[in-house]
Amino acid sequence: MSENLTFTENVYKNFDRAIARLNLPRGLAEKIKVCNSMIQFSFPVRDGDGFRIVNAYRAEHSVHKRPTKGGIRYEVHVNADEVVALATLMTLKCAVVNVPFGGAKGGIRIDPRKESAEFIERATRRYTAELYYKNFIGPGVDVPAPDMGCGEREMAWIADTYATLAHHDVDHLACVTGKPVAQGGISGRKEATGRGVQFGIRELFRSADDVKGCGLSAGLGGKRVVVQGLGNVGYHAAKFLAEEDGCRIVGICERDGAIWNDAGLDVDAVRRHMDETNGGVKGFPGATYFEDGDKVLCGPCDILVPAALENQITEANADRIQARIIAEAANGPTTAAASERLFQRGVIVIPDLYLNAGGVTVSYFEWSKNLAHIRFGRLEKRLEEGRTHRLMQAIERLTDRRFGDDEFTNVARGADEIDRVRAGLDDTMRTSYAEIRTAQRRFPGIDLRTAAYIVAIDKVATSYMQLGVWP
Ligand code: GLU
């Protein structure tokens with residue numbers, strides 16, 4: 001990272017800011033901070049008539065709760081420091097949103113855009129077998145999920161490989177989350193991180209008091225948004241924000257440059273264009289194209305949503321950013337030094353460990369469903385419907401008036417899995433935001449990130465003390 005700090009060191013810097021406010025027993029802060037274990041391994045993967053060596057990682061940051069949880073990054077530059085930083089963030093993220101997991105993260109050093117599906121499948125299956133024999137995967141041990149460069153397809157391969165190796169384990173489906181719905185996944189997982197970003201931003205804008213410090217009014221109406229990265233997280237976040245009344249996506253930054261349109265961009269059309277042209281935003285009709293993405297990143301808008309890699313907002317561009325709110329959909333997009341600068345300028349940063357926790361929250365729902373071996377709502381849906389139905393009939397009798405047919409069906413309809421997942425995520429984002437704001441009020445003069453770290457570290461510390469690990 002810039003400012004000469006690695007990603008892990010940046011996370012530690014944020015960590016130390018929070019620790020300075022907490023009164024923890026000597027040594028406990030250090031215990032919470034360090035990575036519990038980290039494996040680095042290499043294996044051969046068949047490629048044509050030969051083999052290629054693939055390097056891979058898995059870090060389990062904290063085992064104060066089991067299983068540990070976190071995605072796998074398929075990326076050509078993935079490295080040990082990055083995986084440890086991301087695993088640390090996972091521990092804090094799970095604590096912030098009250099998801100009962102320790103943090104973990106994995107990495108496979110390949111470029112998925114350049115490899116064949118066969119090569120990726122072989123690498124994924126071998127990676128899973130390596131984790132299995134090293135006891136780094138299992139429903140109660142460590143549960144991977146998608147991260148950059150992979151998705152449902154890879155998770156299905158992991159689940160299948162694990163099921164083959166651990167055929168005695170009746171809970172084998174819970175060894176990984178983010179699976180296709182037809183293979184033990186849960187409705188709403190794919191878009192969960194983006195949905196959580198929308199819900200989290202909504203929380204901040206709910207109160208005029210919370211946004212007035214940065215000079216904006218409450219409500220998302222009329223707000224201009226720039227999104228960096230139109231991958232799974234950025235695409236869904238942009239799409240859901242554009243659906244908010246009066247909110248528009250004015251800029252999108254991608255690998256090949258960036259586009260701008262004051263009137264608002266059609267997010268689905270941009271994504272289609274990217275698919276058709278095999279990657280970029282260049283040439284998208286009805287928008288101005290800039291080769292230098294920084295122009296759009298620092299363009300005139302209210303909310304900037306970095307949804308790509310870490311280390312995007314640094315001391316080099318922090319002062320030029322015009323957005324009044326940075327909504328961190330990515331992990332670690334803002335360096336610790338840049339965060340400080342933005343705070344001094346009155347810019348509000350909604351921190352990653354809270355804002356992008358929607359993915360792991362819905363992963364938790366998926367894991368619970370796999371362990372319960374039953375779809376959410378299967379027992380209650382008709383019961384709920386019947387009860388509401390009878391209530392509505394009673395209202396009709398008492399008032400001597402009739403509901404319309406549509407009204408009857410809509411109101412009485414029992415909640416499906418997707419309704420429950422969405423409601424559970426919304427509740428999670430609301431509760432956590434309230435906890436973070438309470439911590440911020442308790443320690444005047446701190447930013448939302450430090451408040452979120454305080455909330456998380458406090459919970460992990462309590463957990464260690466309750467476990468009796470700490471006297
Ligand atoms: N990779 C996602 C994250 O960074 C999701 C992790 C999970 O679902 O376990 O939060």
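The values are calculated or read from the model by the stated rules, or taken from the named source; none is laboratory data. Remember, it's a predicted structure, so these values are computed and weren't measured experimentally. Here the Cβ positions follow ideal geometry from the backbone for every residue, glycine too, while neighbour counts run over all protein chains shown. Only protein heavy atoms, including side chains, enter the accessible area calculation; ligands, DNA and RNA are left aside. Shrake-Rupley method; radii C 1.70, N 1.55, O 1.52, S 1.80 Å.
Out of 449, 437, 441, 397, report the one residue that is touching a strand residue (DSSP E or B) at 6+ places or on another chain (Cβ under 8 Å) and more than 28 Å from residue 376 (Cα to Cα). Step by step, each of 449, 437, 441, 397 is checked, and only 449 is touching a strand residue (DSSP E or B) at 6+ places or on another chain (Cβ under 8 Å) and more than 28 Å from residue 376 (Cα to Cα).
Scanning the stretch 391-406 for residues that are open to solvent by less than 100 Å² (accessible area, probe 1.4 Å) and outside any helix (DSSP H, G or I) yields 403, 404.
Would you point out the residue of the stretch 33-66, among those that are hydrophobic (A, V, I, L, M, F, W, C) and open to solvent by 70 Å² or more (accessible area, probe 1.4 Å), that is nearest to the chain's Cα centre (by Cα)? Taking the candidates together, the pick is 53. Taking the stretch 146-255 as the region of interest, the helices (runs of 4 or more DSSP H) fully inside it that hold 1 or more residues being modelled with pLDDT under 95 and touching a Ser or Thr at 6+ places or on another chain (Cβ under 7 Å) are 208-212.
Under the condition of being over 17 Å from the mean Cα position of the chain (by Cα) and within 11 Å of the ligand (Cβ to nearest atom), the residues counted in the stretch 172-199 number 0.
The requirement of being of a type outside the set (S, T, N, Q) and more than 12 Å from the ligand (Cβ to nearest atom) is fulfilled somewhere in the stretch 84-93, by at least one residue. Please count how many residues of the stretch 312-348 are surrounded by 20 or more Cβ atoms within 10 Å (Cβ to Cβ) and assigned to a loop (DSSP other than H, G, I, E, B). Final tally of qualifying residues: 13.
If you go through the stretch 201-234 and keep only what is buried (at least 17 other Cβ atoms within 10 Å of the Cβ) and basic (Lys, Arg), you end up with 202, 223, 224.
If you check 438, 361, 388, 409 for being within 16 Å of the ligand (Cβ to nearest atom) and either assigned to a helix (DSSP H, G or I) or loosely packed, with under 13 Cβ neighbours inside 10 Å (or both), only one passes: 361. Counting residues in the stretch 348-357 that are out of contact with any strand residue (DSSP E or B) (no Cβ under 8 Å at 6 or more places or on another chain), within 30 Å of residue 138 (Cβ to Cβ), of a type in the set (A, V, I, L, M, F, W, C) and within 16 Å of the ligand (Cβ to nearest atom) gives one or more. Scanning the stretch 141-171 for residues that are open to solvent by 50 Å² or more (accessible area, probe 1.4 Å) and either within 15 Å of the ligand (Cβ to nearest atom) or hydrophobic (A, V, I, L, M, F, W, C) (or both) yields 148, 152, 170. Inspect all residues belonging to the stretch 282-295 and state whether any of them is in a helix (DSSP H, G or I) and either surrounded by 15 or more Cβ atoms within 10 Å (Cβ to Cβ) or of a type outside the set (A, V, I, L, M) (or both). Among the residues of the stretch 282-295, at least one is in a helix (DSSP H, G or I) and either surrounded by 15 or more Cβ atoms within 10 Å (Cβ to Cβ) or of a type outside the set (A, V, I, L, M) (or both), which makes the answer yes. Any residue in the stretch 412-420 that is touching a strand residue (DSSP E or B) at 6+ places or on another chain (Cβ under 9 Å) and either surrounded by 16 or more Cβ atoms within 10 Å (Cβ to Cβ) or of a type outside the set (Ser, Thr, Tyr) (or both)? No, every residue in the stretch 412-420 fails to be touching a strand residue (DSSP E or B) at 6+ places or on another chain (Cβ under 9 Å) and either surrounded by 16 or more Cβ atoms within 10 Å (Cβ to Cβ) or of a type outside the set (Ser, Thr, Tyr) (or both). Within the stretch 367-385, can you find the residues that are touching a residue at least 24 places away in the same chain (Cβ under 8 Å), among the hydrophobic types (A, V, I, L, M, F, W, C) and in a helix (DSSP H, G or I)? Listed by number, the residues that qualify are 367, 371, 383.
Given the options 75, 30, 115, 9, name the one that is within 13 Å of the ligand (Cβ to nearest atom) and open to solvent by 30 Å² or more (accessible area, probe 1.4 Å).
On inspection, the qualifying residue turns out to be 75.
Entry remark, the stretch 114-125: residues being in contact (Cβ under 8 Å) with a residue 40 or more places away in the chain and under 26 Å from the mean Cα position of the chain (by Cα) number 2 in total.
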